Amino acid sequence: MKKHIPSWHDDEVKALSELALGFFEREVVAHNEKWDAQHRIDRAVWIEAGKLGLLCCSIPEEYGGGGGTFAHDLAVFEAQGYAGDLALGISVHSGIVAHYILEYGTEEQKKTWLPGMATGEILGAIGMTEPGAGSDLKAIKTTAIRDGDDYVVNGSKTFITNGASADVIVLAVKTDPKAGAKGVALLIVDLRDCPGFAVGRVLDKVGQHGADTSELSFTDVRVPVSNLLGEEGQGFGQLMAQLVQERLIIGAQASGAMTRAVEDTVAYTKSRQAFGHSLFEFQNTAFELAECQTIARTCAVFLDHCIEAHLRGELDPSEAAMVKYWLTEQQCAVIDRCVQLHGGYGYMREYLIARMYEDARVQKIYAGANEVMKGIIAKSL
Ligand SMILES: Cc1cc2nc3c(=O)[nH]c(=O)nc-3n(C[C@H](O)[C@H](O)[C@H](O)COP(=O)(O)OP(=O)(O)OC[C@H]3O[C@@H](n4cnc5c(N)ncnc54)[C@H](O)[C@@H]3O)c2cc1C
């Protein structure tokens, strides 16, 4: 069957996608036992990604980025999904944190943080979720109370991707704890020399074992007022606006993963024999794969539509919610069916399909649980 050529892949994006796939296979997948054991990927891998131009692809060149469009970043994230290992927190670093700073930062903030993020010398995280507030972001309790030229930050965050390794975090805080959503602000916090900041547990997860997903705490941490992103009270709107782009990232990873799962399972079932013929020759197996391929292809086409709309600046938030909800549901369903067609080998972590199965599950939860996505879609009807 002809491969799907995404409509947003021009020659340059296609070349970047191939470069990224080689990088993920060589630097991440090939060493996944090491990353799994340490729940973190070495900084040298980030530096290598920076050298290859895979970090901050859509950040303007004047801030050290690749000067491309968001299609360039998405090609990297889609290749990550296709490589079959979501452990490197590159989408949070390049696709989310760098974009908060680009979109809302002052000239000085952009010049301070973005060039180092593009080389991998500065690693970024985003701290929204707290033990008592995930989906309901306006309920966060971390406070940042003004004291002279500083904010004094107190609170804790959990499930933070890149949390234990990050140098900088965009932190959701309340500058006015009584004001609900209107009290939320975003602060850039330099974690490198940060009295009062502590890393709690690096969390043990169902999948994405190589990813650093951590608990963080802030006790009387002083952050200069000049590190505020935008203005006090704008944080909630900034989060909602950026989450639209974040949902495309998840869609791109899901699409890459589905494509790979089907390809690998076709190859596996054609090579393994049972009852005197290949597994693929069971009509059930072939029909399962025909259905999975149809799902993967139709998802890729809807993703193309959403990415094109985003590149034109016209992506509707409800469509972004659809792409996140639908593609992650299909990612989990398709990979589950592919595991089944692998038999017992599909349950062995030495097979990529088993790792893809573990990594996929959380895609339905983070960046807004899929039920929250349905709420956004329903509101638009
Ligand atoms: C591996 C991993 C990485 C993560 N990385 C980050 C990160 O880098 N930064 C960060 O800030 N956060 C991160 N998160 C947190 C993630 O965004 C939250 O887990 C997610 O938003 C859900 O919040 P919660 O876990 O508190 O669940 P809750 O808000 O308690 O929701 C639990 C469930 O309740 C249901 N529900 C909730 N709200 C609604 C609703 N409005 N309508 C219908 N049903 C609803 C859904 O089924 C939902 O799954 C990460 C999480 C994981 C697991």
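No value in this document is a laboratory result; all are computed from the given coordinates. Everything numeric here is computed off the predicted structure, so don't read it as measured data. Please note: Cβ atoms are built from the backbone with ideal geometry, for glycine as well, and neighbour counts cover all protein chains shown.
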- line: With the 8 Å Cα cutoff and a minimum separation of six or more residues, the range 181-280 has a relative contact order in percent of 29
task: Just check the chain against the gyration tensor rule for me: Cα atoms, a ≥ b ≥ c as the square roots of the eigenvalues, rounded for a/c under 1.5, and otherwise prolate or oblate depending on whether a/b exceeds b/c.
output: prolate
task: Have a look at Glu18, Glu27, Glu358 and tell me which one the Gaussian network model of the chain (Cα, springs below 10 Å) gives the largest fluctuation.
output: Glu18
field: Net charge of neighbours whose Cβ lies under 11 Å from the Cβ of Ile140, counting Lys and Arg as +1 and Asp and Glu as -1
entry: +2
message: Here is the link list: Lys51/Lys110; Lys178/Lys324; Lys205/Lys374; Lys111/Lys379. Which ones come out longer than 29 Å on Cα distance?
response: Lys178/Lys324; Lys111/Lys379
- request: Distance between Cα centroids, the range 105-143 to the range 278-335: provide it in whole Å.
  value: 30
Dipole magnitude (debye, nearest 20) for the chain, charges at Cβ of Lys, Arg, Asp, Glu: 860
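May I ask for the net charge around Ser165, where only other residues with Cβ less than 9 Å from the Cβ of Ser165 are counted and Lys, Arg are +1 while Asp, Glu are -1?
Values: positive: Arg40, Arg43; negative: Asp167, Asp212.
Charge balance near Ser165 sits at 0.
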- prompt: About the Cα centre of the range 236-379, what is the dipole size in debye to 20, counting +1 per Lys and Arg Cβ and -1 per Asp and Glu Cβ, all else neutral?
  reply: 200
- prompt: Tell me, what ³J(HN,Hα) does each residue in the range 211-223 have, in order and in whole Hz, if you take phi through Karplus 6.51 cos²θ - 1.76 cosθ + 1.60 with θ = phi - 60° and put x for Gly and Pro?
  reply: 7, 8, 10, 10, 8, 10, 10, 10, 10, 6, 7, 8, 10
- prompt: If you put +1 on each Lys and Arg Cβ and -1 on each Asp and Glu Cβ, how big is the dipole of the range 126-172 around its Cα centre, in Debye rounded to 20?
  reply: 200
query: In the range 148-238, what trypsin sites (Lys or Arg not before Pro) fall in a loop by DSSP, with at most 14 other Cβ atoms inside 10 Å?
result: Lys178, Arg192
